[in-house]
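Encoded as structure tokens, the structure appears first; notes follow it.
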Amino acid sequence: GMPQKLEEMAVFLKARDFSVAVTAIIGRPAFEKNRRLKDQIADANESILSNMAEGFEQSTDPPLANYLYIAKGSVAEVVTRLKSAHRRGWLTPAECTEFAATGDEIERMLGGWIKHLARCDWKDRGRHKARTSKTRDSND
């Protein structure tokens, strides 16, 4: 069935590693040359995990899917802006390539999760089992 905790999900762990790495990169002195770019990356980066977490707290699927779309867009934005930083020479080609590849993977995983939610017909995710005695974990 669905993991009961966001921290149990591969996509969340991958996004968290990505986010930590982004924070480290934008901490470099070069990024002080353009505070606006640094802040845009920081904001989009923060949005990834916070939207996944907030979405996971929803009791039904449509709002969860909405938050996941926003998180997915934020990943894309971070990658786009890191490419711009790379053109300024603030990160190496290898770093840029790695961020782009990891970002693509996270976007694919989020897209798969969104598709899965749509296929499940937007039913209650069964995470709030306290309200019902029968569990529907077995038929996932």
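Each value in this text was obtained by applying a stated rule to the coordinates, not by laboratory testing. In this text, all values refer to a predicted model and were calculated from it rather than measured experimentally. Backbone-built Cβ (ideal geometry, glycine too); neighbour counts: all protein chains shown.
Observations on the structure shown:
- Ellipsoid semi-axes in whole angstrom, largest first, where each is sqrt(5λ) of the Cα gyration tensor of the stretch 10-101: 26, 12, 10
- Rounded to the nearest 20, the Cβ-based charge dipole of the stretch 1-130 about its Cα centre (Lys and Arg +1, Asp and Glu -1) stands at 260 debye.
- As a length-normalised measure over Cα pairs under 8 Å and 6 or more apart, the relative contact order of the stretch 13-129 settles at 29 percent.
- 5 angstrom amide H check on L91, placed H, neighbours 5+ away: H86
- Pairs over the 19 Å Cα-Cα cut-off, from the set K38/K83; K83/K115; K14/K72: K83/K115.
- In a fully extended conformation the segment linking T80 and D104 would gain 7.5 nm over its present Cα-Cα distance, using 0.36 nm per residue.
- With R₀ set to 30 Å, the beta-carbon distance separating T92 from A53 gives a calculated FRET efficiency near 0.45.
- Note, ³J(HN,Hα) from phi for the stretch 44-60, Karplus 6.51, -1.76, 1.60, rounded to Hz, x at Gly and Pro: 5, 4, 5, 5, 4, 6, 5, 6, 5, 5, 5, x, 5, 6, 5, 8, 10
- Approximate spin-label separation R119-A10, in nm, with each point projected 7 Å along Cα-to-Cβ: 1.4
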